[in-house]
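In what follows, a single structure is set out as structure tokens and then discussed.
The values are calculated or read from the model by the stated rules, or taken from the named source; none is laboratory data. All figures in this text were calculated on a predicted structure; none of them were measured in a lab. Reconstructed Cβ throughout: ideal geometry from the backbone, glycine too, with neighbour counts over all protein chains shown.
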Amino acid sequence: MGFLSTLTGSFSTPADDNPTVAMMEAAYAAAGIDARYVNVDVSSADLADAVTGAKAMGWVGFNCSMPHKVAVIDHLDGLGESAELIGAVNCVVARDGGLIGENTDGRGFVEAMRELRHPAGTHVVVLGAGGAGRAIAVESALAGASRITIVNRNASRGEALAALVDQHTAAEADFEPWTQAYAVPTSADVVVNATSVGLGEADELVAVDVESLRPELLVADVIPNPPRTAYLRAAERKGAETLDGLGMLVAQGAVAIELWHGVTPDRDVMRARLSEVLGLDSG
Ligand code: NDP
């Protein structure tokens, strides 16, 4: 037993409002991992130096959040398959003397989804084509979904994502413009809100036709806070199974811990601590 802890953390700006450190350190404590997760406010101008510093100090990895998810790529030695397709990195892993960029946002979604539905052969509808939508669409396709439908207001962004998934994965992908309340097709198995609608607004409902939310559907949301969004509450009323954004946030952190330490952490511990620091009633 020595006095030198393994170092990990997060680079973003602003960083003060990022609660990830609480759940990561709770996971380390519960798993008996002698590691620290340091939440660091890094400006865009200082990103290169911060990455060099992490390397010099022997960090085993770090998360990148806004606004560094794309810019960090220039400072890395390589990219994992999904990060390359998504074009963004939120988790850097020190591997074989180099720094490799991974994207755990979509993997977090798929891991959380796996507990409720096996992704193989599913038709996944993704509402939104921003960073979260790209990650979820690509990762669901790589996990074996057979069809991905992208629904987005901005047609060029939505079409580009559908084309990317269609051309670079085994899944078929199509795009639907989002001009009115979206009716989920009967072929869909999973529908996920990957827009920012509902963030910090418990009663803001994403534009879906609530009548199309069937009991057979898995209805998911990326919004971590508040986790019981108006959309998920509507889905529950229609008898559908739901997956909240807090679960995805916990799962992407758990995937990072697996990549950095080779240990599977206790997600219940992580969720409970995250709920606590976010002031949520229940985990
Ligand atoms: P981006 O800014 O990259 O993308 C935003 C997306 O939301 C775009 O597709 C945009 O559509 C769409 N959108 C915004 N407002 C509306 C609206 N009123 N109606 C329909 N579509 C809308 O953001 P991110 O993808 O990075 O993040 C999205 C959300 O995901 C955030 O709230 C974030 O907190 C959450 N998130 C959660 C994670 C988790 O682990 N739980 C991980 C990562 C993100 P358009 O292209 O037409 O403008």
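Whether any residue in the stretch 138-152 is in contact with a strand residue (DSSP E or B) (Cβ under 6 Å, 6 or more places away or on another chain) and within 18 Å of L249 (Cα to Cα) is what I want to check.
Within the stretch 138-152, one or more residues are in contact with a strand residue (DSSP E or B) (Cβ under 6 Å, 6 or more places away or on another chain) and within 18 Å of L249 (Cα to Cα).
Yes/no per residue for (1) aliphatic (A, V, I, L, M); (2) surrounded by 15 or more Cβ atoms within 10 Å (Cβ to Cβ); (3) farther than 20 Å from G144 by Cα:
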| site | (1), (2), (3) |
| --- | --- |
| D209 | no, no, yes |
| S212 | no, yes, yes |
| L218 | yes, yes, no |
| A230 | yes, yes, yes |
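Any residue that is of a type outside the set (S, T, Y) and touching a residue at least 40 places away in the same chain (Cβ under 8 Å) - is there at least one of those in the stretch 209-217? Don't jump to the end; show me each part of the working.
Narrowing the stretch 209-217 to residues of a type outside the set (S, T, Y): 209-211, 213-217.
Now drop any that are not touching a residue at least 40 places away in the same chain (Cβ under 8 Å), which leaves none.
Within the stretch 209-217, not a single residue is of a type outside the set (S, T, Y) and touching a residue at least 40 places away in the same chain (Cβ under 8 Å).
Just checking, how many residues over the stretch 158-183 are more than 18 Å from A83 (Cα to Cα) and surrounded by fewer than 20 Cβ atoms within 10 Å (Cβ to Cβ)?
Residues in the stretch 158-183 being more than 18 Å from A83 (Cα to Cα) and surrounded by fewer than 20 Cβ atoms within 10 Å (Cβ to Cβ): 10 in total.
Among the residues of the stretch 121-131 satisfying the criterion of being in contact with a Ser or Thr (Cβ under 8 Å, 6 or more places away or on another chain) and not polar (S, T, N, Q), which is nearest to the ligand (Cβ to nearest atom)?
Going through the stretch 121-131, the residues in contact with a Ser or Thr (Cβ under 8 Å, 6 or more places away or on another chain) turn out to be 121-128, 130.
If we keep only those that are not polar (S, T, N, Q) too, we end up with 121, 123-128, 130.
Values: G121: 25, H123: 20, V124: 16, V125: 13, V126: 9, L127: 7, G128: 4, G130: 2 Å.
The extreme case among them is G130.
Would you check if there is a residue in the stretch 155-170 being in the same structural domain as K238 (by TED's automatic domain parsing) and either more than 25 Å from V70 (Cβ to Cβ) or under 15 Å from the mean Cα position of the chain (by Cα) (or both)? Don't jump to the end; show me each part of the working.
Taking the stretch 155-170 as the starting set, the residues that turn out to be in the same structural domain as K238 (by TED's automatic domain parsing) are 155-170.
Narrowing the set further to residues that are either more than 25 Å from V70 (Cβ to Cβ) or under 15 Å from the mean Cα position of the chain (by Cα) (or both) leaves 170.
Within the stretch 155-170, one or more residues are in the same structural domain as K238 (by TED's automatic domain parsing) and either more than 25 Å from V70 (Cβ to Cβ) or under 15 Å from the mean Cα position of the chain (by Cα) (or both).
Conditions (1) at pLDDT 95 or above; (2) in contact with a Pro (Cβ under 6 Å, 6 or more places away or on another chain), marked per residue:
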| site | (1), (2) |
| --- | --- |
| E201 | no, no |
| V206 | yes, no |
| L218 | yes, no |
| P224 | no, no |
| R233 | yes, no |
| T242 | yes, no |
| A254 | yes, yes |
| R267 | yes, no |
| L280 | no, no |
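In the set V269, V263, which member is assigned to a helix (DSSP H, G or I), more than 16 Å from the ligand (Cβ to nearest atom) and touching a residue at least 40 places away in the same chain (Cβ under 8 Å)?
Exactly one residue qualifies, and that residue is V269.
If L79 satisfies every condition in (1) in contact (Cβ under 8 Å) with a residue 12 or more places away in the chain; (2) surrounded by fewer than 18 Cβ atoms within 10 Å (Cβ to Cβ) but one, which is the exception?
Against the list (1) in contact (Cβ under 8 Å) with a residue 12 or more places away in the chain; (2) surrounded by fewer than 18 Cβ atoms within 10 Å (Cβ to Cβ), L79 comes up short only on (2).
One line per residue, one yes/no per condition, for (1) part of a strand (DSSP E or B); (2) on the phi < 0 side of the Ramachandran plot; (3) within 16 Å of the ligand (Cβ to nearest atom); (4) modelled with pLDDT of 95 or more:
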position	(1), (2), (3), (4)
V38	yes, yes, no, yes
A48	no, yes, no, yes
V93	yes, yes, no, yes
I100	yes, yes, no, yes
V110	no, yes, yes, yes
V138	no, yes, yes, yes
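Just to be sure, is L116 in the same structural domain as V190 (by TED's automatic domain parsing), loosely packed, with under 15 Cβ neighbours inside 10 Å and away from the ligand (no atom under 14 Å from the Cβ)?
yes
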